[in-house]
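Here is the structure we will look at.
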Amino acid sequence: MTKLFKFLFLGALFATVLSCVSDDYQGPIPYPTLIEASQDAGLTTLVTSIRAIPGLEAALQDQNAITVFAPTNEAFANALVQFGATDLNDLVAKLGGAMNLQTVLGFHVVPAAAFSDQLRETNTFTTLANQQLTVNNNGGAITVIDAAGNTARVTQGDIEIENGVVHVIDRVLIPSIELPKPNLVEAATDAGLTTLLAAVTAVPGLPDALLSAGAITVFAPTNEAFAAALDVFNAVDLNELVIKIGGAANLEKVLGFHVVPAVAFSGDLAATNSFTTLSGQNITVTKSGSTVTVTDALGRTAQVVAADVEISNGVVHVINGMMLPDLMLPTVVEAANAAGLTTLLAAVTAADLGGALLNADAITVFAPTNDAFNAALTAFGATNLNQLVAKIGGIENLQTILGFHVVPAVAFSTDLAATNTFTTLAGQNLTVTKSSSGVTVTDALGNTANVVAADVAIENGVVHVIDGVLLPEYSLPNVVEAATAANLTVLLDAVTAAGLGGTLLDADAITVFAPTNQAFLNLLSSLNLNSLQALIDALGVDAVTKVLGFHVVPATAFSFDLAEGDQMVPTLAGEMLLVNRTGNTVKVTDKAGNVYSVIAADVAIENGVVHVIDGVLLPTL
């Protein structure tokens, strides 16, 4: 207005000057151009918008007559908010480019001059955008209705310009234009699907793959659906969920299971539809009236709560549940194979525990590395698994030890408290501690192993790889119990008669070559005796004691501890015994030159080992 008055003032002054020369001059009063009037009214955003379209300013200036409905800066600011734009350039992008901006601006211009006093109660004008605009005049209150039905109010009217008139309005008028569709990320952002966006972003390359896909239908879980999935998996956040479903690759599989590589609006659906998803697995989509439901590979159902959100390369349907494909998590055996835990697998096979672990509902396995087993072999003086099994007392004790590494429940590292006590399959408790430095496991003997690879998800639980073999409390028989179990009744009677039981039980380390009952019967027959007592009576207690002592070596020697070939070993009888190992065959030779075979080797006892032999060894008598 200031500039308008300036022009009027200059015009009057010019006329006065001219009148001094000639009282007959009737020159035109100069009016501002559209741009000048807009700048004078503070409509700077409008000016910037016009000048953003090459040639538009000149085109408007060249019009014979125009009426401009000019939005205020505040109106443009409100339009930015309406379109989710940060500035004018962003608004142009949101509108679909410069051509659509030109259409919007042209929709504000009528190619005729229409002052407010010329307006009827209802007026329909065809704009420069070739679309109609409705202008209402209600007792001098002028409003303008755009193509979307929005109403703008004229806040300042009848600003005369050199080729027409400007009416200032409080809203940007929107014509009928095809606005660009949002991409998937923009649509998810607008819908508040922040957890879905975080999940997609967590998979490298997935956002670009979805944005560049030719055609997609996305069944997009709400934040609440993700939260429910976290509860199901006992996870506190997305990172924990990723761990519990088996890692980033399975997160990509889960997200891909929500995407169909084709466009399917709700109106395109039949009553029952089967779609192959990006994960390669099928989902079932059913439609009943306006209700659309989605069923996953496990039979779980989610409902579409917001359908047909059109995006630049397809459509989004928002659902109230998270769909889970078959994650195809490895079995415990497959996981152990993948981790190279070959000794553990051999031990599980030897103990026949594979089926128990595979069929368990829920397990946590603390799985020793091959190096951990090698350290255990060294500690037990064994060179391989078979020798270790012998030294711990057989397969049953191996089962106990392996069972001590298995908890019949699922415990990821994220589920652990600072200190945890778990009852294992061996029926004994295991202590697991968690600190900032990692997770450790303490066995029944107080030995500690470290978790070196945590949270390997398997189909029925989780595996934590550890750097030590855990030992439970397990029992070995004493020599008497072992002889009883082997039914060596004559030997036991002889030991009792000679009073050697305490000596054998209390010895630190012994190897017993234990004759069978038949061996004793053969000895009695060769001496023409008919009972053990007859033997004792014939030889005397001291001689019988020496005979029995000649069967006991005061050291532990499993068959595989023996050197190849002949060796002389000391006995409790004070005489050396000749022992020969040839491959897996062990023979003993007594002082009389009798040679007998070990027929059952390596019966571990609590203070050594028993080898059952088929003859009674005789010392020098």
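A few remarks follow.
- Taking amide hydrogens as placed 1.01 Å from N in the peptide plane, the amide H of VAL292 sits under 5 Å from those of VAL304, each at least 5 positions away in sequence or on another chain.
- From the C-alpha gyration tensor of region 141-218, square roots of 5λ in Å: 45, 14, 11
- Where GluC sites (Glu not before Pro) fall in DSSP loop in region 453-494, at most 16 other Cβ within 10 Å: GLU459, GLU473
- Compared with the rule-of-thumb size 2.2 N^0.38 Å for a compact globular protein, region 188-314 has a Cα radius of gyration ratio of 1.02.
- Accessible area of SER531 (1.4 Å probe, protein heavy atoms only, ligands and nucleic acids ignored): about 40 Å².
- Solvent-accessible surface (1.4 Å probe) assigned to ASP326 amounts to roughly 80 Å².
- Net lengthening on full extension, THR124/ASP90 (0.36 nm per residue, minus Cα-Cα): 9.1 nm
- The alpha-carbon positions of region 423-573 define a convex hull whose volume is 196 Å³ per residue.
- Paramagnetic reach from ALA65 (point 7 Å along Cα→Cβ, amide N under 13 Å) across region 148-174: 163-165
- With all protein chains in place and ligands, DNA and RNA left out, the 1.4 Å accessible area ranks ILE395, ILE216 as ILE395, ILE216, largest first.
- Calculated FRET efficiency for the pair THR272/SER312, C-beta based, R₀ 25 Å, to 0.05: 0.30
- Since only ALA335, LEU345, ASN460 are under comparison, the one whose Cα sits farthest along the positive direction of the charge dipole of region 329-460, derived from C-beta charges on Lys, Arg, Asp and Glu, is LEU345.
- Volume of the Cα convex hull of region 360-470, divided per residue and given in Å³: 103 Å³
- With 0.36 nm allotted per residue and the present C-alpha distance subtracted, the ALA98-ALA509 stretch has 138.4 nm of extension available.
- Solvent-accessible ranking of MET568, MET576, largest area first, probe 1.4 Å: MET568, MET576
- Alpha-carbon Rg with Dmax, taken over the chain, Å: 47.4, 172
- Per residue, the solvent-accessible area of region 100-169 (1.4 Å probe, heavy atoms of protein chains only, all protein chains present) comes to 45 Å².
- Phi-based couplings in Hz for region 120-136 (Karplus 6.51, -1.76, 1.60; Gly and Pro marked x): 7, 4, 10, 9, 10, 10, 8, 8, 5, 7, 6, 10, 8, 10, 9, 10, 10
- Accessible area in square angstrom per residue, region 319-390, 1.4 angstrom probe: 44 Å²
- Stokes-Einstein, applied to the Kirkwood radius of region 288-405 over Cα pairs at a viscosity of 0.890 mPa s and 25 °C, places its translational diffusion at 135 µm² s⁻¹.
- Couplings for region 172-183, taken from phi via the Karplus curve 6.51 cos²θ - 1.76 cosθ + 1.60 with θ = phi - 60°, read 7, 7, 10, x, 7, 9, 8, 6, x, 7, x, 7 Hz in order; Gly and Pro are left as x.
- Pairs of Lys in the chain closer than 28 Å at Cα, counting only those 8 or more apart or on different chains: 9
- Per-atom-type breakdown for the chain gives carbon and sulfur 53% of the accessible area (1.4 Å probe, protein chains only).
- Vicinal HN-Hα couplings computed from phi for region 151-161 (Karplus, 6.51 cos²θ - 1.76 cosθ + 1.60; Hz; Gly/Pro x): 10, 10, 10, 6, 9, 8, x, 6, 7, 6, 10
- On a per residue basis, the convex hull of the C-alpha atoms belonging to region 526-621 measures out at 108 Å³.
- Legend: P(r) of region 164-205 from all alpha carbon pair distances, 10 Å bins from 0, whole percents, reading 21, 28, 21, 17, 10, 4.
- Dipole check for the chain: with +1 at the C-beta of Lys and Arg, -1 at the C-beta of Asp and Glu, and the Cα centre as origin, the magnitude is about 340 Debye.
- Taken about its Cα centre, region 54-209 carries a charge dipole of roughly 360 debye when the Cβ of each Lys and Arg holds +1 and the Cβ of each Asp and Glu holds -1.
- Modelled spin-label separation between ASN528 and ASN460, with each label point placed 7 Å from Cα along the Cα-to-Cβ direction: 6.8 nm.
The values are calculated or read from the model by the stated rules, or taken from the named source; none is laboratory data. Predicted model only: the values in this text are computed from it and were never measured. Note that each Cβ is placed from the backbone with ideal geometry, even for glycine, and that neighbours are counted across all protein chains shown. For the accessible areas, the whole protein counts, side chains as well, though only heavy atoms, and no ligand, DNA or RNA atoms are used. Shrake-Rupley method; radii C 1.70, N 1.55, O 1.52, S 1.80 Å.
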